[in-house]
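One structure is given below, encoded as structure tokens.
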Amino acid sequence: MASITFKNIRKVYPGGVVAVEDFNLEITDGEFVVLVGPSGCGKSTTLRMIAGLEAITGGELYLGERLINTVAPKDRDISMVFQNYALYPHLTVFDNMAFGLKLRKIPKKIIREKVEEVAEILDLRELLQRKPKALSGGQRQRVALGRAIVRDPAAFLLDEPLSNLDAKLRTQMRAEITKLHYKLGATFVYVTHDQTEAMTMGDRLVVMRDGFIQQVDTPQRLYEEPANLFVAGFIGSPQMNTFDAVLTKSEHGVSAVFDGGQLPLPPRLLADGALDSYIGKSVILGVRPESFCLEDQLPEVCGMIDAGVELSELVGAEVYLYVKAGDTQLIATLPTRARANPGARVRLAVDCEKLYIFDKETEARIS
Amino acid sequence: MKLKERFDRLNDRARDRVSGFLWLAPSFLGVAVFYIVPFGVIIYYSLIDNPISRNFVFLDNFKALFQNEAFKLAASNTLKFSAVAVPLAVVLALLLALLLEARIPLKSQFRTFFLSPMMVPVASIVLIWQVLFHYNGVINEFIALFGADKIDWLQSEYNQLVVITLFLWKNLGYNMILFMAALSNVPRELLEVADVEGASPLYKLFAVKLRYLSPTLLFVTILSLINSFKVFREVYLLTGDHPYEGLYMLQHFMNNIFKALDYQRLASAAVTLAIAMVIIIGALFIAENRFGRDVEG
């Protein structure tokens, strides 16, 4: 087991394309860290740099105390699980799992014991003599995981391992991997573009965009305290409503006025004085769909918005209401009884304690 | 009109079948006239005494063929040539493809260089090689600079060496391109897993890459085998009807007995060659099916 430390890591591809820039992070021993971001944000490149499959252009990468910038992949003591399983089609499940151990010339008896032990954990005992072709997607991914585990490496790298599975299996495997992490207590670095996967699995999330880290924090804090507009939009489903507003001061206090209504700002948001210089200026207002509520459940500080329903989507326990207030498009997550037909007018309450305000220029969160 | 009525009365499936046959008919006619029927006639000719009396003699023509010294020489030369030239053409092309797959400078220039012999017509190639390997040619002049004796390249033990070099020069480029295309289709993740798990480059080549290359290996081997029989064209242009003993190939033999209008011997030689080819190619197919079974489809 080992920690992984990135110091000013940089990756530039031939042709000058910068994939990762100024990447600083410390992953502690036994931590489950998820690198998350949209396609092309540099998350897979970062993972591949840990594996040694991509050369590092600049900075220092440590595995434990050891600088591994130029260490060959096989000498790094890491295991990697790929999106499309990367199983050898001509080898049986047993041989695929034993692949790394055989290459390291481990005695046959120990290989058999280790593979059988891991097969037991992953429920693969019955499949050991089958070839990958005869396995389902979920079983194949378990074999790939088995191959990674069997060698007992210092760290596990997982590159979108669930992307090829259907939704149901993905949820199931998500739980399996999380359980496996608890069981092994090893360092896991997991790459995904799926924020739900990231939120549910990681101890800490690293949100990336265009090669830069946007924020590193626990899922809860990323959700509650996003550092900027990008993180706020990326984390949470449905994504946060963001729209232009002007902060206006009146005798009743400060409000955010937007096309479609106005929302009072609670004293808590104004307490640190960060918003003082923005009074009278345009900002970006963020409201999570979950911060809307029905009139009969009014929170302490709330604002009301009158809106027209465009669409309502029932997703089991709740309903997503797509509404339009003035020219502002909003999505609200509400109890199912709030379901309404397109064209209907609704009056929605917003919990103003949960408003987010972003700088229009820098997109950083002000409050 | 009657035919059309009958066609209209057919159900959909039968109608599809009839129209399918009709669409295939022109090509089938061509293949039949130029391949299937002549092949049948050749088999028939190999089993009769002569085209006039047409007495059935069963395998007598084949017995006579196997006792013929010229045939034995031609068969043995062809076998020797193919046994050396074909593996070389496959292995060297694969090595070149692996080399060009790596990050080396002037990669595209090398690729063009190896492909360029394909663009040169055979007659021009032969002319160049005559200039190179003539007794008073460039190569002899060159080795004379180092005090070595001149070699009569095409009329001595070295003749097969010359033809093998010519064969490789002509065929390596195309084989190499086929291998390069196949190499680019080897799943990258499988090689990366091998890297992470600690496999050596040789292990990766034999245990991973060759598995995925097996259909191409088969194709390149068959292609090279066929081309090795076709080397007659170059040899004939270089040395004429009766070359030095070591270059007397099966096609020389067939060409000469065709000129002598000995149809029975020609037919039995052709059938023997066809049987040999079917056995070799069949064996290659079986081997490829076993080796590459899991990586295909």
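Here are the numbers for the structure shown:
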{"quantity": "Helices (runs of 4 or more DSSP H) wholly inside region B:126-231 containing at least 2 residues that are away from chain A (no Cβ under 14 Å)", "calculated": "B:138-145, B:159-184, B:210-230"}
{"quantity": "Only one of A:F99, A:F156 that is touching a strand residue (DSSP E or B) at 6+ places or on another chain (Cβ under 7 Å), among the aromatic types (F, W, Y) and surrounded by 18 or more Cβ atoms within 10 Å (Cβ to Cβ)", "calculated": "A:F156"}
{"quantity": "Candidates B:E288, B:E245 - the one that is of a type in the set (D, E) and surrounded by fewer than 16 Cβ atoms within 10 Å (Cβ to Cβ)", "calculated": "B:E245"}
{"quantity": "Matching entry among A:A55, A:A51 (being buried (at least 17 other Cβ atoms within 10 Å of the Cβ) and closer than 21 Å to A:V18 by Cβ)", "calculated": "A:A51"}
{"quantity": "Residue ranges of helices (runs of 4 or more DSSP H) in region B:1-47 with at least 3 members within 30 Å of B:Q264 (Cα to Cα) and not assigned by TED's automatic domain parsing to the domain that holds B:F66", "calculated": "B:12-31, B:37-46"}
{"quantity": "Unmet requirement for A:I305, which otherwise passes all of (1) in contact (Cβ under 8 Å) with a residue 60 or more places away in the chain; (2) surrounded by 19 or more Cβ atoms within 10 Å (Cβ to Cβ)", "calculated": "(1)"}
{"quantity": "Number of the exception - A:V257 against (1) free of Cβ contacts under 8 Å to residues at least 24 places away in the same chain; (2) among the hydrophobic types (A, V, I, L, M, F, W, C); (3) closer than 20 Å to A:F6 by Cβ", "calculated": "(3)"}
{"quantity": "Within region A:84-95, considering residues that are closer than 17 Å to B:V186 by Cβ and more than 7 Å from every other protein chain (Cβ to nearest Cβ), the one surrounded by the fewest Cβ atoms within 10 Å (Cβ to Cβ)", "calculated": "A:L91"}
{"quantity": "Looking only at region B:243-297, and only at residues there that are within 14 Å of another protein chain (Cβ to nearest Cβ) and not in a helix (DSSP H, G or I), the one that is farthest from A:A134 (Cα to Cα)", "calculated": "B:G292"}
{"quantity": "From A:S163, A:S136, residue being in contact (Cβ under 8 Å) with a residue 60 or more places away in the chain, more than 10 Å from chain B (Cβ to nearest Cβ) and surrounded by fewer than 17 Cβ atoms within 10 Å (Cβ to Cβ)", "calculated": "A:S163"}
{"quantity": "Residue check, A:I78 more than 10 Å from every other protein chain (Cβ to nearest Cβ), touching a strand residue (DSSP E or B) at 6+ places or on another chain (Cβ under 9 Å) and among the aliphatic types (A, V, I, L, M)", "calculated": "no"}
{"quantity": "Criterion: in contact (Cβ under 8 Å) with a residue 40 or more places away in the chain and surrounded by fewer than 15 Cβ atoms within 10 Å (Cβ to Cβ) - qualifying residue of A:K179, A:K183", "calculated": "A:K183"}
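The values are calculated or read from the model by the stated rules, or taken from the named source; none is laboratory data. Everything numeric in this text was worked out from a predicted model, so none of it was measured. Cβ atoms come from the backbone with ideal geometry, glycine included; neighbour counts cover every protein chain shown.
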